[in-house]
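The values are calculated or read from the model by the stated rules, or taken from the named source; none is laboratory data. Keep in mind that what you see is a predicted model, and the values were worked out from it rather than measured. For neighbour counting, all protein chains shown are included, and Cβ atoms are generated from backbone atoms with ideal geometry for every residue, glycine included.
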Amino acid sequence: MRMGHEPPATVNASAQTLLTARSRERARQALRCLPFALEFYSILERGALSSTELAARPDWSDLCRSQLNRSRTEDQLIWLIQLGVLRREVDGQGLTERVRLTPMGRELLLAWPAGIPPASPAQRLHHWLRRRRPRL
């Protein structure tokens with residue numbers, strides 16, 4: 001081993017830790033930018049919910065900062081799945097359209113017991129760019 005170089009296992013562990021930190025920060029930012037309120041995630045912690053069920057709920061205004069149709073809701077749920085905040089529920093037939101909160105999602109939400117703080121305009125722009133142009 002040459003002087004000044006870390007062994008491969010240490011480099012891989014460092015890279016994995018950095019990747020995990022970046023993933024968590026990206027998910028944390030998304031939670032602040034997306035229209036879902038803390039109550040929405042609390043419901044998902046207790047049980048699964050589909051985009052159709054969410055769009056049809058009479059209490060949607062308690063769950064979202066703005067009303068979403070089924071298609072727009074599904075887009076937001078897919079983004080949260082990609083970030084690792086949500087996962088699809090599985091039944092005997094395979095994956096369903098219903099989603100649940102992941103352990104990482106639960107962990108991130110612990111930081112905001114009184115509610116998810118809204119993102120600043122700069123954070124919203126950064127999130128929008130990160131979501132639509134991930135390679136920039």
* Filter the stretch 55-79 down to residues that are under 11 Å from VAL99 (Cα atoms) and in contact with a helix residue (DSSP H, G or I) (Cβ under 7 Å, 6 or more places away or on another chain) and give me whichever is modelled with the lowest pLDDT. => GLU74
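Is it fair to say GLU45 is in contact with a helix residue (DSSP H, G or I) (Cβ under 9 Å, 6 or more places away or on another chain) and among the acidic types (Asp, Glu)?
On the way: in contact with a helix residue (DSSP H, G or I) (Cβ under 9 Å, 6 or more places away or on another chain): yes; among the acidic types (Asp, Glu): yes.
When the stated conditions are applied, GLU45 passes them.
Quick grid of which residues meet (1) of a type in the set (Gly, Ala, Ser); (2) under 12 Å from GLY105 (Cα atoms); (3) in a helix (DSSP H, G or I):
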| position | (1), (2), (3) |
| --- | --- |
| ARG28 | no, yes, yes |
| GLU53 | no, no, yes |
| SER66 | yes, no, no |
| SER71 | yes, no, yes |
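Output the residues belonging to the stretch 86-115 that are small (Gly, Ala, Ser) and loosely packed, with under 14 Cβ neighbours inside 10 Å.
Step one: of the stretch 86-115, the residues small (Gly, Ala, Ser) are 92, 94, 105, 111, 114-115.
The answer is GLY92, GLY94, ALA111, ALA114, GLY115.
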* Mind listing whichever residues of the stretch 116-134 are among the small types (Gly, Ala, Ser) and loosely packed, with under 10 Cβ neighbours inside 10 Å? => ALA122
* Which residues, taken from the stretch 99-134, are at pLDDT 90 or above, of a type in the set (D, E, K, R) and not in a helix (DSSP H, G or I)? -> ARG100
* With the checklist (1) modelled with pLDDT of 85 or more; (2) at positive phi in hand, flag the one item GLY94 doesn't pass. => (1)
* To do: Please state which of the following conditions LEU83 fails to meet, knowing it meets all the rest: (1) over 11 Å from the mean Cα position of the chain (by Cα); (2) under 22 Å from ARG131 (Cα atoms); (3) surrounded by 12 or more Cβ atoms within 10 Å (Cβ to Cβ).
  => (1)
* **Flag for SER14 being at pLDDT below 90 and touching a Gly at 6+ places or on another chain (Cβ under 7 Å)** => no
* Structure fact -> Residue hits (the stretch 73-98; among the polar types (S, T, N, Q) and assigned to a strand (DSSP E or B)) are THR96
* **the stretch 32-42, residues that are farther than 9 Å from ARG100 by Cα, touching a helix residue (DSSP H, G or I) at 6+ places or on another chain (Cβ under 6 Å) and in a helix (DSSP H, G or I)** => CYS33, GLU39, PHE40
